[in-house]
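The values are calculated or read from the model by the stated rules, or taken from the named source; none is laboratory data. On a predicted model such as this, the values are computed, not experimentally measured, just so you know. Positions of Cβ are backbone-derived with ideal geometry, glycine not excepted, and every protein chain shown enters the neighbour counts. What goes into the accessible areas is simple: the full protein's heavy atoms, side chains included, and nothing from ligands, DNA or RNA. Shrake-Rupley method; radii C 1.70, N 1.55, O 1.52, S 1.80 Å.
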Amino acid sequence: MKKTAITMLLAAGMSCAAIAQTKVIAHRGYWDCEGSAQNSITALVKANEAGAYGSEFDVSITADGIPVVNHDDDIQGYVIETTEYSKIKNLKLKNGETLPTLEQYLQKGKQLQNTQLILEIKPHKKTENENRAVKEIVALVRKYGMEKRVDYISFSMNICKELVREAPDAPVYYLEGDVTPKELKELGMAGFDYHYKVLQKHPEWIKEAHELGMKTNSWTVDDEKVMRWLIDQKIDFITTDKPIELKQILLEK
Ligand code: MG
């Protein structure tokens, strides 16, 4: 009887530790597996199946206002922000899937209730296009009631500021790596999502961010040694192309 109680306590303790530890975000979804492709809807589904906390993906807006999911600012020769959606809507990804719109991504994401959507808004060449992208994307997230399921990230400080203005309750994380946690806090952001080399130079930023009540994320961490180092630094999230390997390391810790 005693033994059972101790076992239960240990199990409870272990699950508490698991809850408190670093969470896995699949970079561009989980794409490095059969039938998947970066930024495809399949990659979002596979990230969910792999048990990732979140699935990251990239969004740009077309000339006529349709946010689409694609990493580069162009796709098969078409620059997204200056191209009408009708010209690119039938383009295929590497796994044969059709180029997804954000709306399709949100519809699928809504069904996958355990997976947080890490929505990167890509820098656009024109500020006005960044601003209309923010407006349209925030409106779509609201339309689907997904406000609590979406975290925003961007390399563009303009986009981050617009997000804070348009959606004051939404968590916004800056990617570029050139701003201190204190400054991000003053700008109304939830935290940072910095390249691991920035954090190797400024390991104190993780602690500083936590003291300010902010969250910390690092990209794109595929090296096991760097994963272990970041976990030891108590980073909140790690964004990786290798979600299965990172999960395994976290289970062993
Ligand atoms: Mg991205």
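One table, with the values for the structure above:
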item: Residue order for Trp219, Trp205 - accessible surface, 1.4 angstrom probe, largest first; result: Trp219, Trp205
item: Where labels lie 7 Å past Cα in the beta-carbon direction, separation of Met157 and Lys225 in nm; result: 3.3
item: Gyration tensor verdict on the range 175-222 (Cα atoms; rounded if a/c is under 1.5, prolate if a/b is larger than b/c, oblate otherwise); result: prolate
item: Burial ranking of peptide ranges 190-203, 43-56, 104-117 (average Cβ count within 10 Å, highest at the top); result: 43-56, 190-203, 104-117
item: Gain upon complete extension [Glu252, Lys197; 0.36 nm per residue less C-alpha separation]; result: 17.3 nm
item: Accessible area (Å², per residue) of the chain, counting only protein heavy atoms and a probe of 1.4 Å; result: 50
item: DSSP bridge orientation in the range 29-179 - percent antiparallel, rounded to nearest 5; result: 35
item: Stretch gain in nm, segment Thr127-Leu187, where the contour uses 0.36 nm per residue and the Cα spacing is subtracted; result: 19.7 nm
item: Exposure rank, largest accessible area first [Asp32, Asp236, Asp169; 1.4 Å]; result: Asp169, Asp32, Asp236
item: Estimated FRET transfer efficiency when R0 is 41 angstrom, pair Lys234-Glu103 (beta carbons, to 0.05); result: 0.65
item: Shape category assigned to the range 26-173 from the gyration tensor of Cα positions, a/c cut at 1.5; result: oblate
item: 5 angstrom amide H check on Gly191, placed H, neighbours 5+ away; result: Val172, Tyr174, Lys215
item: Residues whose placed amide H lies under 5 Å from that of Glu84, excluding near-sequence neighbours; result: Ala63
item: Links that overshoot a 18 Å alpha carbon limit, given the list Lys122/Lys161; Lys108/Lys148; Lys215/Lys253; Lys110/Lys215; Lys23/Lys247; Lys110/Lys247; result: Lys215/Lys253; Lys110/Lys215; Lys110/Lys247
item: Distance (nanometres) between label positions extended 7 Å along Cα→Cβ at Glu147 and Lys87; result: 3.7
item: Using alpha-carbon coordinates, inclination of helix 102-111 to the longest axis of the chain, degrees; result: 30
item: Dipole magnitude of the range 52-197, debye to nearest 20 (Cβ charges: Lys/Arg +1, Asp/Glu -1, about Cα centre); result: 400
item: 5 Å binning of all Cα-Cα separations within the chain, expressed as whole percents from 0 upward; result: 1, 6, 14, 16, 19, 17, 12, 7, 4, 2, 1, 1, 0, 0
item: Antiparallel content of DSSP bridges confined to the chain, in %, to 5; result: 20
item: Stokes-Einstein D (µm²/s) once Rh is taken as the Kirkwood radius of the range 90-218 over alpha-carbon pairs, at 37 °C in 0.692 mPa s; result: 210
item: Area of Ser86 that stays accessible when all protein chains are in place (1.4 Å probe, Å², to 10); result: 80
item: Placed amide H near Asp74: partners under 5 Å, 5+ positions off or other chain; result: Ile80
item: Residues in the range 123-140 that a label on Asp74 would reach, taking backbone N under 18 Å of a point 7 Å out along Cα→Cβ; result: 123-126
